[in-house]
Every structure is written in C-alpha cells, then in structure tokens.
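The structure appears right after this line, and notes come after that.
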C-alpha cells in the first residue's frame with residue numbers, strides 16, 4: 001500500500017554499479033526534479049503502450065488509486081504514466097542505443113526493481129539496496145519522487161529497461177535519452193560517403209594543369 005504524506009528528502013547522489021570486473025554504469029537521483037534534463041529528449045511519455053511488452057502493467061491516468069500514483073515531479077501534471085502492478089513486469093525499449101537515459105520515478109518502493117539493459121550486460125537497481133534511497137512509497141515527497149538518470153562510464157550503450165514490482169506499484173513517466181549511437185547501416189552509409197568524397201578529391205587533383 002502506498003503511504004500518504006510523510007516528511008522525506010534525500011540529496012542527489014551519483015552511484016556506480018558494476019556490471020563486470022572492468023566496467024560499470026553510473027546512476028543518480030535528483031529529488032523533485034523532472035525529465036527531460038538539458039540535452040535529453042523524451043521518447044516515451046507513456047500515453048499508450050507503444051514500445052512496451054510484459055504482463056500486469058497499465059497505462060494510468062490521474063487520479064491516483066490502488067493501482068498507481070502519478071509521479072509527483074512529472075511535468076506537466078495530470079498526464080498518463082506507466083504503472084507496473086504487483087507480480088508484473090514491463091520491458092521498455094529505448095528505440096536504439098544511447099549513452100544515457102532518464103525518467104521520472106514516482107513513489108519509490110523497496111519492492112521495485114529496475115533492470116538496465118546495456119551493451120556490457122544487465123544491471124539491477126534495487127531501492128534500499130544498491131540504490132540507497134528512501135523507498136517508503138511516499139506519493140508526494142521529493143525524496144521518493146524525482147529524476148533518475150543513468151550514464152555510461154566505459155563506452156557502453158543502453159537499449160532498454162525492465163521494471164518489475166513485488167506489489168502495487170512501480171510508476172515512471174517521461175523516458176528521455178541522449179547520446180545516440182548510429183546503427184551499423186548508418187555507419188556503412190557514412191563510410192561510403194567518406195569514400196566517395198575521397199574519390200572525388202583525387203579526380204579533381206588529377207584534372208589540374210601544371
């Protein structure tokens with residue numbers, strides 16, 4: 001059950017989480033802040049279930065009820081959001097590979113689990129565990145409603161996230177990304193373009209008259 005108004009607050013912190021013996025990702029939480037931050041672009045405002053697979057999740061609209069509470073920091077207020085119910089999960093695609101992403105995380109609970117899918121392996125983030133943040137389900141306090149940001153530290157890229165919850169609920173909104181990496185097909189086109197430019201330059205030099 002979500003808790004009512006309680007005094008809660010936590011300073012923004014950056015935390016490193018290892019994915020292997022040689023790499024890690026960094027995540028931070030800014031109490032009360034909202035997505036998107038500078039340089040980020042929202043790719044999913046959760047107006048519908050596009051880009052989401054899983055079970056026992058809902059696209060919710062206010063007012064709050066037993067199946068979800070709007071992230072208090074989300075701007076604009078009163079818009080739809082994603083809520084994963086007890087025993088459920090939701091796979092959310094980023095639609096590409098990115099060096100950083102963020103979202104509004106509402107009423108953080110200790111039974112929420114976030115799995116980050118990266119090019120160097122999956123990383124699980126557990127409130128109250130390796131994410132030592134207040135996790136009492138408060139629906140209004142900045143300490144449990146804020147901007148959660150994940151950044152690469154070793155050249156890795158992120159392609160998606162999985163939200164799971166042991167009870168009602170795990171709520172997020174306004175998923176945003178930055179630092180996109182071209183897909184292989186795009187790299188091929190770029191290389192062909194550079195090659196064509198080189199050929200043209202050589203031809204022009206061959207046409208010069210001494």
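The values are calculated or read from the model by the stated rules, or taken from the named source; none is laboratory data. This one's a predicted model, so the numbers in the text were calculated from it and none came from an experiment. All Cβ positions, glycine included, derive from the backbone under ideal geometry; neighbour counts span all protein chains shown.
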Which of the residues belonging to segment 133-155 are under 18 Å from residue 17 (Cβ atoms), modelled with pLDDT of 95 or more and more than 13 Å from the chain's Cα centre (by Cα)?
133, 135
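Which residue, of 181, 177, 209, is modelled with pLDDT under 95 and in contact with a strand residue (DSSP E or B) (Cβ under 8 Å, 6 or more places away or on another chain)?
None of the others qualify; the one that does is 181.
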Which ones in segment 109-125 are assigned to a loop (DSSP other than H, G, I, E, B) and surrounded by fewer than 16 Cβ atoms within 10 Å (Cβ to Cβ)?
119
Selection count where residues are free of Cβ contacts under 8 Å to residues at least 12 places away in the same chain and surrounded by 16 or more Cβ atoms within 10 Å (Cβ to Cβ), scope segment 58-108
0
Name the strands (runs of 3 or more DSSP E) wholly within segment 1-64 that hold at least 2 residues that are modelled with pLDDT under 95 and touching a strand residue (DSSP E or B) at 6+ places or on another chain (Cβ under 8 Å)?
13-18, 24-31
Give segment 73-108 a look and list any residue that's closer than 28 Å to residue 179 by Cβ and outside any strand (DSSP E or B), or say none.
73, 74, 75, 76, 79, 80, 108
